[in-house]
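Heads up: the structure comes next, in structure tokens.
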Ligand SMILES: [Zn+2]
């Protein structure tokens, strides 16, 4: 009994470890390989707006819109795999008057110290839920202008290394995400741990079921040899009537 409990505990720990590994690995692989050049998007309403990142709150204009996009098939411009969950999405948060706003005007640092527009694009990866992300920050103004570059550095510093600023590129436009989305991480780890654990559980149930049936038929629970009147199995030595 004690041995079974120890085995059970080890199996749980192993499942958890598998869950964590698979969750992280899938997010990184998606980030490394699934970044098509085209997207299908739709406007998001308040729920996503209220989840908007706040780390630029005192250096950027006020949040004006949030737009969600999904990978598209570049050939057809239709959602990739007909909109099935491919493990990636992109949320673009606009602070101030964006490109599509009639009030949009490129930032002229000689006129104003702060930009009229900041875009924060969050690339989120993970399956079945998004678990890790990195952010892309832009003012829509050329960073060749020293004042603009200074402002960008300030934004990158706010974002920090964990949001992907400064994390080395695998290839242009691709980065490995390390910033966590806690709910997604939690449920993905749960999902993959259970997925790993269930086959073992089913096998255990099947073995127990078979043992019970063998004992009922007067066979050895362990190997199925006929025991009849013996007190232990003549084939493998297991005690008669014991269900493995
Ligand atoms: Zn036996």
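The values are calculated or read from the model by the stated rules, or taken from the named source; none is laboratory data. Predicted model, so just to flag it, every value in this text is computed and none were measured. Methodologically, a virtual Cβ is constructed for each residue, glycine included, from the backbone with ideal geometry; neighbour enumeration extends over all protein chains shown.
Values computed for the structure shown
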item: Per-region count, the range 207-233, residues within 9 Å of the ligand (Cβ to nearest atom) and either modelled with pLDDT under 85 or part of a strand (DSSP E or B) (or both); result: 3
item: Conditions (1) surrounded by fewer than 16 Cβ atoms within 10 Å (Cβ to Cβ); (2) farther than 18 Å from residue 179 by Cβ: number failed by residue 57; result: (2)
item: Some residue of the range 153-162 being away from the ligand (no atom under 16 Å from the Cβ), surrounded by fewer than 17 Cβ atoms within 10 Å (Cβ to Cβ), under 27 Å from residue 13 (Cα atoms) and touching a residue at least 24 places away in the same chain (Cβ under 8 Å); result: no
item: Any hit, the range 22-36, residues being at pLDDT 85 or above, in contact with a helix residue (DSSP H, G or I) (Cβ under 7 Å, 6 or more places away or on another chain) and assigned to a helix (DSSP H, G or I); result: yes
item: Residue check for residue 184: on the phi > 0 side of the Ramachandran plot and either within 16 Å of the ligand (Cβ to nearest atom) or surrounded by 12 or more Cβ atoms within 10 Å (Cβ to Cβ) (or both); result: no
item: Members of the range 60-85 that are surrounded by fewer than 16 Cβ atoms within 10 Å (Cβ to Cβ) and touching a helix residue (DSSP H, G or I) at 6+ places or on another chain (Cβ under 8 Å); result: 73
item: Of the criteria (1) closer than 30 Å to residue 7 by Cα; (2) surrounded by 14 or more Cβ atoms within 10 Å (Cβ to Cβ); (3) at pLDDT 85 or above; (4) under 44 Å from the mean Cα position of the chain (by Cα), which one residue 199 fails; result: (2)
item: Residue within the range 122-132 that is loosely packed, with under 15 Cβ neighbours inside 10 Å and modelled with pLDDT of 90 or more present; result: yes
item: Residue 72 being more than 20 Å from residue 120 (Cα to Cα) and in contact with a strand residue (DSSP E or B) (Cβ under 7 Å, 6 or more places away or on another chain); result: yes
item: Scan of the range 234-244 for residues that are more than 8 Å from the ligand (Cβ to nearest atom) and either touching a helix residue (DSSP H, G or I) at 6+ places or on another chain (Cβ under 6 Å) or closer than 20 Å to residue 4 by Cβ (or both), ordered by number; result: 239, 241, 242, 243, 244
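Matching residues to (1) in contact (Cβ under 8 Å) with a residue 24 or more places away in the chain; (2) in a loop (DSSP other than H, G, I, E, B); (3) touching a helix residue (DSSP H, G or I) at 6+ places or on another chain (Cβ under 6 Å):
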{"site": "41", "(1), (2), (3)": "yes, no, no"}
{"site": "53", "(1), (2), (3)": "yes, yes, no"}
{"site": "98", "(1), (2), (3)": "yes, yes, no"}
{"site": "107", "(1), (2), (3)": "yes, yes, no"}
{"site": "122", "(1), (2), (3)": "yes, no, no"}
{"site": "130", "(1), (2), (3)": "yes, yes, yes"}
